[in-house]
Amino acid sequence: MAASSQTLRAPAAPARSAVAAALGEMESGRLDGLTPAELLRWAVQRFHPRLALACSFGNPEGLVLLDMLHRIEPRARVWTLDTGRLPQETHDLVDRVRDRYDITVEVVLPDAVAVQQMVQRHGMNLFYESLEKRRLCCRLRKVEPNRRFLAGLDGYITGLRREQNITRQNARRVEVEDGGRMVKINPLVDWRAEQVWDYVREHSVPVNRLHARGYPSVGCAPCSRAVQPGEDPRGGRWWWELPETKECGLHGEEESIGSGI
Ligand code: SF4
């Protein structure tokens, strides 16, 4: 008698075993020589659909990874945080990408009540007043919604590169976070900016229009500005702060869990 499809189907592997297997591959050095596309393919095989790409739509790295990932798995998941303070050019790019790749971008919003209470108490532009208030705004508009989204994943992909900022110099290609529950994959960690832009040109990858107006990195509108030629590319983000504080809490310096935004 033929076995039923029920008896033939392998049980779904528990998430923790996928993360543990990934850890073993990492420690064995098997992932060391992989190209970014090969590392993405490995991540898809290991974790999809409990895997997603963090894309801010404000840096070319996320779009390069989106393009690579889409060639590997057209149903690969992509998410972005809409903080409520993004420039129009970033929203435009989200729609251009949806049309170009025919994908759904998962847009994650902050908790409306928490943001309402924050601005009623501290004002609309609290971030200029102190580092504490700037971090509060980033926490409510980015870190908390990001944490909610990540709770449904086992692995996520970011566009972090070591040369982007002093705070990113210890980033690795594959990292484990959240007490071993989550794998963070940074395929471009050792790429230089020229490699990113070469890929953009070669594959006609859509990028944020503000790059052409002097913004190397586009975040929220009130916290991003253009830089002069030769100036530090991260100099336009939170330009009133010291380089060592220029992170929004998404990359582990304030929180135990992060993203590529
Ligand atoms: S980048 Fe600026 S506006 Fe955006 S969440 Fe952080 S402090 Fe708030």
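Taken together, the values in this text are just the output of simple stated rules run on the coordinates, not laboratory data. Computed from a prediction, not measured in an experiment: that's the story for all the values here. Note that we place each Cβ from the backbone using ideal geometry, even for glycine, and neighbour counts take in every protein chain shown.
Observations on the model:
- Stretch gain in nm, segment ARG71-MET124, where the contour uses 0.36 nm per residue and the Cα spacing is subtracted: 15.0 nm
- Note on region 33-214: Cα Rg divided by 2.2 N^0.38 Å, N the number of residues, gives 1.05.
- Extended-chain gain in nm, criterion 0.36 nm per residue less alpha-carbon gap, ARG98 and ALA114: 2.8 nm
- Across region 99-112, rounded Karplus estimates of 3J(HN,Hα) from the backbone phi angles (6.51 cos²θ - 1.76 cosθ + 1.60, θ = phi - 60°) give 5, 4, 9, 6, 10, 9, 9, 7, 9, 10, 10, x, 5, 5 Hz, Gly and Pro being marked x.
- Where the Cα pairs of region 185-236 fall when distances are cut into 5 Å bins, in %: 4, 17, 22, 26, 20, 9, 0
- Peptides ranked, highest mean first, by Cβ atoms within 10 Å: ranges 102-111, 202-211, 224-233: 202-211, 102-111, 224-233
- Amide H to amide H distances under 5 Å link LEU31 with no residue, where only residues 5 or more positions off or on other chains count and H is placed in the peptide plane.
- Against the main long axis of the alpha-carbon atoms of the chain, helix 15-28 sits at an angle near 80°.
- Calculated FRET efficiency, GLU163 to ARG213, Cβ-Cβ distance, R0 = 22 Å: about 0.45 to the nearest 0.05.
- Derived scalar couplings ³J(HN,Hα) [region 216-227; Karplus, 6.51 cos²θ - 1.76 cosθ + 1.60; whole Hz; x for Gly, Pro]: x, 9, 10, x, 5, 4, x, 10, 9, 8, 6, 10
- Local net charge near GLY214, Cβ-Cβ under 14 Å (Lys/Arg +1, Asp/Glu -1): +2
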